[in-house]
Amino acid sequence: MVINEQPNTDRIWEWMKEVEDPEIPVLNVIDLGVVRKIGYEGETLVVTITPTYSGCPAMKTIEKDIAEVLEEYGVNNYRIETVLSPAWTTDWMSDEGKLKLHQVGIAPPVGHSADKSLLMGKIRTVRCPICGSEDTQMVSQFGSTACKALYKCENCLEPFDHFKCI
């Protein structure tokens with residue numbers, strides 16, 4: 001589909017939902033909160049993104065996929081900017097994204113990133129996305145990707161990833 005006039009930013013936000021997270025493809029970059037801003041500087045479309053953590057290996061793929069979607073819709077005059085400040089937080093994830101994680105067996109982030117209970121020796125309760133039990137135990141601070149921790153449910157005995165609250 002080729003658009004001849006300059007598309008409005010609301011339309012472009014919708015297009016960005018077609019860009020999947022390469023590490024967790026059930027999520028898109030809008031669900032993740034990676035796309036921070038979309039706007040025009042003169043005739044140039046600027047898409048501003050923030051990685052989930054600095055050095056995230058998925059960011060180059062995400063940039064390429066954003067470019068492909070823009071070009072598919074006929075946008076050729078664009079720039080993709082990466083900003084590191086403010087740092088990404090799970091607070092930027094959409095409720096829909098958190099629900100999608102739960103539906104595929106990944107426990108979504110719980111609470112807000114401002115919760116520093118772990119620093120006080122209080123372990124955050126992570127509900128099993130399979131059976132719903134709160135009787136879970138962290139097996140490893142690092143799961144299949146750096147943004148997830150590995151847990152085990154003591155009720156159904158199933159292992160599961162938990163998307164860490166950052």
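For the range 52-75, name all the residues that are outside any helix (DSSP H, G or I) and modelled with pLDDT of 95 or more.
Y73, G74, V75
To keep it simple, each residue is scored yes or no on (1) surrounded by 15 or more Cβ atoms within 10 Å (Cβ to Cβ); (2) more than 20 Å from F163 (Cα to Cα); (3) not small (G, A, S).
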{"site": "N8", "(1), (2), (3)": "no, yes, yes"}
{"site": "L27", "(1), (2), (3)": "yes, no, yes"}
{"site": "I38", "(1), (2), (3)": "yes, yes, yes"}
{"site": "A67", "(1), (2), (3)": "yes, yes, no"}
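Can you confirm whether C153 is modelled with pLDDT of 95 or more, out of contact with any helix residue (DSSP H, G or I) (no Cβ under 6 Å at 6 or more places or on another chain) and not assigned by TED's automatic domain parsing to the domain that holds V35?
It is true that C153 is modelled with pLDDT of 95 or more, out of contact with any helix residue (DSSP H, G or I) (no Cβ under 6 Å at 6 or more places or on another chain) and not assigned by TED's automatic domain parsing to the domain that holds V35.
Conditions first: (1) part of a loop (DSSP other than H, G, I, E, B); (2) touching a Phe, Trp or Tyr at 6+ places or on another chain (Cβ under 7 Å); (3) not acidic (D, E). V47 passes all but one, so which condition is the exception?
Tallying (1) part of a loop (DSSP other than H, G, I, E, B); (2) touching a Phe, Trp or Tyr at 6+ places or on another chain (Cβ under 7 Å); (3) not acidic (D, E), V47 fails exactly one: (1).
The values are calculated or read from the model by the stated rules, or taken from the named source; none is laboratory data. Not measured: the values here are computed from a predicted model. Cβ coordinates were reconstructed from backbone atoms using ideal geometry, including for glycine residues, and neighbour counts include every protein chain displayed.
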